[in-house]
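Since the structure comes first, as structure tokens, the remarks are kept for the end.
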Amino acid sequence: LAATRSRFLSSLRRVDAALGSTAGPWFLGGRAPSIVDLQYVSHVERMAASVLYWKGLDIRRPGDFPNLERWLVALEERPTYLATKSDYYTHAMVLPSQNGPGYGTDEARDPAARIFGMDGAWRIPCELPDDALEPLALLQA
């Protein structure tokens with residue numbers, strides 16, 4: 001698993017570098033996202049949820065992938081993107097039915113419990129923290 005994780009992180013570093021090589025947050029530069037950004041974001045969105053839930057790896061942790069984070073934040077500032085963005089729970093629960101069963105790690109225990117709503121992580125009424133795993137939290141700010 002260590003080699004797989006290393007290759008995954010190496011790939012993310014290449015994506016981060018590609019995003020850092022353009023003016024602005026977008027893959028092809030410019031003032032607005034291109035078809036490349038719009039096609040790729042759904043994969044990154046699912047990846048962010050899945051690797052956190054199953055492996056305890058937070059690819060949005062500040063400082064790890066600054067250009068990737070800048071890109072995601074720029075997308076999340078667009079109401080049109082937020083209207084289509086899914087939540088971490090849905091991604092984590094849907095992917096196994098598409099790709100086969102997932103196998104969590106010890107590092108994933110706490111994030112998975114939070115995503116799954118264990119130990120009071122979900123309360124009614126919902127109080128969404130600044131780092132909420134729900135897309136609409138950004139619209140409530």
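Since every read-out is calculated from the coordinates, none of them should be taken as a lab result. This is a predicted model, so every value here is computed, not measured. Neighbour counts run over all protein chains shown; Cβ positions are idealised from the backbone, glycine included.
Within a Cβ distance under 9 Å of H91, other residues only, what is the Lys/Arg minus Asp/Glu net charge? Could you put the intermediate results ahead of the total?
Numbers: positive: R46; negative: E45, D87.
Residues close to H91 contribute a combined charge of -1.
Quote the relative contact order of the range 1-67 in percent (integer), defining contacts as alpha-carbon pairs under 8 Å separated by 6+ residues.
On the way: 38 pairs, mean separation 17.4, N = 67.
Normalised by residue count, the contact order of the range 1-67 is 26 percent.
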(message) With the crude spin-label approximation of a point 7 Å out along Cα→Cβ, what separation in nm comes out for A2 versus I35?
(response) 4.4
(message) Below 8 Å between Cα atoms, with a sequence gap of 6+, how large is the relative contact order for the range 1-118 in percent?
(response) 29
